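Shown next, in structure tokens, is the structure this report addresses.
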Amino acid sequence: MKWLKRVGDAFLTAAAVAGVLGLVLFLGIQTGNLQSLVVVSGSMIPTYEVGDGIVSRRVPARALEVGDVVSVFTRDGVLVTHRIVEVEDGPGDARTLTLRGDNNPVDDPDPYVVEDALVPMVRIPGARDAVEVLRRPAVGIPIVVAACALVGFALMPSSKKRAAEDGAAVAPDAVDAQGPTTPDR
């Protein structure tokens, strides 16, 4: 039973770390500072493979440089992730970007005028496949049940011996250091 307690403790620690990271990601996405993306084309191979997950942060256009990978919207509203090959100052805080996918032989046909862009921070290889597997009830439900069981085991007292030692620390016959007292009359 001791090994089960250790497994439960390790799982709880991993779950706590994942929970904190998930909360940070959730708050970042809700505030518009972070964005999670999934690569759907091979235009950025070998940097990003189809199905990779990307967590990106929003960066002002003035901070962007040639060589940066950015995600921006096309005129049609499609989000594209490509590398900057040319930067020109635009009106106000905007910049005009010329982009090209690492696996593409030519630049994108139209330049992008942006005031900010999403810059990838973290790449998660194969994230799309993992999410699809976890969304299946045949996988997700057993994981939730196992997580609940491990939490339950982790919250159980570690052993009867330890519980007995904790109970013996305070004996019911303990006498006050000043001696027995008599009730006031």
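Restricting attention to the range 8-22, does a residue exist that is among the acidic types (Asp, Glu), at negative phi, under 23 Å from the mean Cα position of the chain (by Cα) and open to solvent by 60 Å² or more (accessible area, probe 1.4 Å)?
Checked against the condition, which is being among the acidic types (Asp, Glu), at negative phi, under 23 Å from the mean Cα position of the chain (by Cα) and open to solvent by 60 Å² or more (accessible area, probe 1.4 Å), the range 8-22 yields at least one hit.
Just to be sure I understand, how many residues within the range 97-120 are part of a strand (DSSP E or B) and within 22 Å of Gly32 (Cα to Cα)?
Count: 9.
Given (1) over 24 Å from the mean Cα position of the chain (by Cα); (2) at pLDDT 85 or above; (3) open to solvent by 90 Å² or more (accessible area, probe 1.4 Å), identify the lone condition not met by Val114.
All conditions are met except number (3).
Looking at the range 93-111 only, could you name the residues that are in contact with a helix residue (DSSP H, G or I) (Cβ under 8 Å, 6 or more places away or on another chain) and open to solvent by 30 Å² or more (accessible area, probe 1.4 Å)?
Correct list: Asp93, Arg95.
If we keep just the residues of the range 39-92 that are open to solvent by 50 Å² or more (accessible area, probe 1.4 Å) and aliphatic (A, V, I, L, M), which is farthest from the chain's Cα centre (by Cα)?
Among those that are open to solvent by 50 Å² or more (accessible area, probe 1.4 Å) and aliphatic (A, V, I, L, M), it is Val85.
Is it the case that Pro137 is modelled with pLDDT of 80 or more and either within 30 Å of Ile84 (Cα to Cα) or among the small types (Gly, Ala, Ser) (or both)?
Here the answer is no, as Pro137 does not meet what is asked.
The values are calculated or read from the model by the stated rules, or taken from the named source; none is laboratory data. Just so it is clear, the model here is predicted, and its values are computed rather than measured. Cβ sites come from the backbone with ideal geometry, for glycine too, and all protein chains shown count toward neighbours. Accessible surface areas use protein heavy atoms only, side chains included; no ligands, DNA or RNA. Shrake-Rupley method; radii C 1.70, N 1.55, O 1.52, S 1.80 Å.
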